[in-house]
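For reference, the structure discussed in these notes is given below.
The values are calculated or read from the model by the stated rules, or taken from the named source; none is laboratory data. This is a predicted model, so every value here is computed, not measured. Backbone-built Cβ (ideal geometry, glycine too); neighbour counts: all protein chains shown. With ligands, DNA and RNA removed, areas are computed over all heavy atoms of the protein, side chains included. Shrake-Rupley method; radii C 1.70, N 1.55, O 1.52, S 1.80 Å.
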Amino acid sequence: MKWSTSGRWLCTTGAAAALLFSACAGPAGTSAPSAEATAATGSSAAPSSVGPVGSPQVQGNLTVWTDSIRQPLFEAYATAHPGVNLNIQVADGSTYLSKIVLANNANSGWPDVVFSTDPSQATTFASPLYGFAADLTTVVPADVVANFGKTLTPCAFGGKLYCLRNDAAPTVLWYNKKLMDQFGYTLPTTYAEYEALGLKVAQEHPGYLVGSAGDSDVMWEWMWASGCPFNDVTAPSVVHINLKDPRCTRVADLLDPLIKAGSVTRASYYDAGFAKDADKILMSIEAPWFGTSLFRDTYKLPDGLIAAAPMPTWSGDPVNYSAENGGGIYTVSSHTTNMPAAVDLALWVSTNPDAQKLDAGYSAYGPAEKAKDQQWASSFFAANPAPVFADAATKIRQDWKFVAYPVDSIWTQTVAQAVRSGGTIADSLSAFETQCIQLAQIAGYSVTNP
Amino acid sequence: MERLTRRASNERSARDSGAKHSFAKVAYAFALPYLLFLAAFGIGPAVFGAALSLFKTTGSNRDFIGIANYIKVLGDFRFVPAWTNVLTYLLIWLPLMTVGVVAISLLLHVRLGRVSTLMRMIYYLPGAIAGSASVLVWLFMLSPDVSPFGPALNAIGISDLYQVIRPANFAWLFAVIVFTTSAGGWIVIMHGGLQSIPTELIEAAAIDGATERQIAQYVKLPLIRRYVIYMFMLSVAGGIQIFVEPTMLNQVGSASSGGSLSPWWSVNQLGFTYAFQQADFGGASALSMELLVVSLLLALVVVFRTGFFDVAELDR
């Protein structure tokens with residue numbers, strides 16, 4: 001049959017459109033991304049709470065985003081505060097940013113409180129791009145802030161407080177006591193001793209490890225403790241980046257020979273196949289949760305092997321600074337319609353001993369951690385590490401800042417990948433620096449370099 | 001006599017046009033549901049995205065800025081690497097697809113029967129798994145510790161999954177993964193195309209003394225040319241949008257303490273980053289529009305230049 005010209009045009013255009021869109025999810029096998037638009041119901045206009053912050057008479061509707069591990073803490077809050085109607089949504093932390101962006105665009109759908117395992121999300125949440133984190137400076141009492149000690153680094157910036165910490169992760173020097181005694185080594189108290197010991201181990205006992213360099217942990221645990229300036233936020237939206245600073249190069253100068261010698265592995269402790277080599281870890285600078293989550297639960301090492309020691313000191317530093325690797329945060333939404341209740345919730349789950357008892361980590365709030373520090377006296381550890389943690393928590397290096405762009409992503413792509421492929425940290429730092437600068441500018445920072 | 005013929009032919013053409021009309025109505029009725037979904041989830045968002053790419057989006061505010069988003073995206077340090085990655089991937093994957101699918105289809109068509117049908121089904125099965133699941137299956141296969149091919153992997157020097165999933169290897173990895181999932185569907189389509197070749201032609205060639213290879217090369221291949229070009233164009237359009245495979249690999253290659261391996265390896269991923277990491281829907285739309293324009297041009301080429309969608313005349 002012959003078609004009219006217009007009919008033929010319509011048909012072929014329709015076919016073109018169909019072709020075009022079937023290419024998205026056709027036999028080619030790849031499909032276009034679908035943004036996760038889960039309906040996160042925000043708090044409805046609730047009656048304002050009665051009573052001051054911290055009072056059990058707090059009421060209203062609250063929506064909370066959390067992970068499954070922290071869910072019991074929120075459930076305990078709901079039990080203790082019957083006036084509050086708590087909607088707990090367990091969500092994957094990597095979806096938070098996309099959900100908040102969608103809520104921003106739709107002008108509704110924000111939660112009231114968010115728990116995040118990644119402390120660097122506070123700066124992203126508070127940045128003008130997202131405008132999500134509420135300013136808590138005036139609503140958190142001064143004594144509470146004091147009891148958090150030095151753990152509020154990810155939360156306190158621009159002169160304001162944007163989140164509260166759930167757990168702190170001050171790095172300590174974990175070591176395998178049995179191996180250390182067996183080999184007759186003493187624990188290093190300075191980084192020079194650390195390097196010497198690392199080289200000795202590579203020579204006398206090849207295969208045994210004093211660290212890993214295959215992931216972004218080196219950035220958090222080594223660069224932060226050394227004070228390397230690449231997150232150096234000097235003013236709001238101004239960041240100072242200089243990877244040629246001696247405080248950066250001394251880390252590379254220490255680790256690169258050890259990587260080459262083999263006592264620092266090019267792999268990552270979190271690699272799927274690493275568990276079988278876990279008993280070869282002689283010592284490593286890691287956070288408190290490494291002792292429980294990795295040594296005890298993932299690697300399933302025998303009891304009485306692992307203990308913690310204080311961090312070593314860099315020559316020229318006044319004290320043996322520690323860094324933090326992880327440690328969750330609670331942010332309150334700036335869009336919440338029930339601010340007193342939301343702040344009360346965030347304060348309760350982060351500071352109340354009954355809540356923090358339900359969390360197996362090292363609590364950031366001093367009194368809450370003291371109330372539960374018996375948990376560290378378990379038979380798994382060769383010696384109780386709690387005093388070491390407490391000491392390290394007072395020495396968290398304070399000149400490190402957090403930025404609104406994913407620095408550890410850049411580290412993984414540049415330095416960690418280079419190390420895995422056989423390169424050195426020193427050679428890849430300039431690529432890292434360049435990408436940091438570029439990403440900072442895209443995120444709206446102005447950069448001073450060097 | 002002439003009037004009788006004319007009246008008969010008028011009646012016939014009246015009856016024919018009536019039949020044609022009802023045929024057309026049925027065709028539209030079948031097509032309508034798809035068209036509704038196409039409008040709602042395909043054309044609608046595309047038009048919205050095209051409009052959005054001209055605006056600066058902050059929160060729920062929209063400020064018209066013309067083509068500034070396109071210029072900004074062009075200057076992004078990840079833009080050229082993302083396009084390079086995608087083009088490298090296409091350069092590896094497209095020949096693999098075209099040659100592989102055509103060769104397998106022709107081989108399966110040599111002797112039709114239960115074996116050929118069974119093989120076609122087996123080739124099709126990986127395509128029935130969603131893209132993300134197939135990546136996981138591949139990662140399982142490539143981990144020497146857990147893979148049934150472990151000894152073979154160890155023999156070629158791979159002792160660790162992370163030796164394989166390196167950014168340098170991504171293009172090859174994705175080419176292989178996407179080939180296994182998408183080849184099956186195209187083999188089935190090619191088979192349909194091969195079946196439409198009149199058997200007399202093949203028999204005539206055989207009688208003339210052609211071998212199977214010569215029949216495949218000189219008889220079958222030219223006659224399925226349209227299908228091959230169709231597959232090629234569709235593969236390009238789908239290939240430049242690659243997203244699932246790099247994102248899945250990103251999840252696996254990242255350490256648990258954070259730090260993604262390839263959050264912006266492909267252009268589509270970069271668009272996703274713009275939208276959900278940088279809260280910049282305008283920039284993301286600009287990137288998506290670039291992909292759309294390329295795909296649209298290819299679609300138009302297929303429709304108007306290959307004759308694939310020419311409507312045959314119906315004889316009645």
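Only residues that are among the hydrophobic types (A, V, I, L, M, F, W, C), touching a residue at least 24 places away in the same chain (Cβ under 8 Å), open to solvent by less than 70 Å² (accessible area, probe 1.4 Å) and out of contact with any Leu (no Cβ under 8 Å at 6 or more places or on another chain) were counted across the stretch B:97-129, and they come to 5.
Evaluated against (1) more than 22 Å from the chain's Cα centre (by Cα); (2) open to solvent by less than 50 Å² (accessible area, probe 1.4 Å), A:Pro387 falls short on exactly one condition, (2).
Does A:Val114 count as farther than 30 Å from A:Asn320 by Cβ, open to solvent by less than 50 Å² (accessible area, probe 1.4 Å) and at pLDDT 95 or above? When the stated conditions are applied, A:Val114 passes them. Restricting attention to the stretch B:7-28, does a residue exist that is touching a Lys or Arg at 6+ places or on another chain (Cβ under 9 Å) and modelled with pLDDT of 85 or more? No, that holds for no residue. If you go through the stretch A:102-117 and keep only what is among the hydrophobic types (A, V, I, L, M, F, W, C) and closer than 20 Å to A:Ile69 by Cβ, you end up with A:Val113, A:Val114, A:Phe115.
A single entry from A:Ala235, A:Ala267, A:Ala225 fulfils the requirement of being open to solvent by less than 10 Å² (accessible area, probe 1.4 Å) and closer than 30 Å to A:Gln438 by Cα: A:Ala225.
Go through the stretch B:290-316 and give me each residue that's modelled with pLDDT under 80 and surrounded by fewer than 19 Cβ atoms within 10 Å (Cβ to Cβ).
Filtering the stretch B:290-316 down to residues modelled with pLDDT under 80 leaves B:302-303, B:305-316.
Across the stretch B:290-316, the qualifying residues are B:Arg305, B:Thr306, B:Gly307, B:Phe308, B:Phe309, B:Asp310, B:Val311, B:Ala312, B:Glu313, B:Leu314, B:Asp315, B:Arg316.
Can you name the helices (runs of 4 or more DSSP H) wholly within the stretch B:209-300 that have at least 1 residues being within 9 Å of chain A (Cβ to nearest Cβ)?
Correct list: B:225-239, B:244-253, B:267-276.
If you filter the stretch A:418-437 down to residues that are among the charged types (D, E, K, R) and open to solvent by 30 Å² or more (accessible area, probe 1.4 Å), you find that the one that is nearest to the other protein chains (Cβ to nearest Cβ) is A:Arg420. Residue under question is A:Ala440, and the condition is that it be open to solvent by less than 20 Å² (accessible area, probe 1.4 Å) and within 14 Å of another protein chain (Cβ to nearest Cβ); does it hold? It is true that A:Ala440 is open to solvent by less than 20 Å² (accessible area, probe 1.4 Å) and within 14 Å of another protein chain (Cβ to nearest Cβ).
For B:Met141, indicate whether it is closer than 30 Å to B:Gln217 by Cα and part of a helix (DSSP H, G or I). Spelling it out, it is not the case that B:Met141 is closer than 30 Å to B:Gln217 by Cα and part of a helix (DSSP H, G or I).
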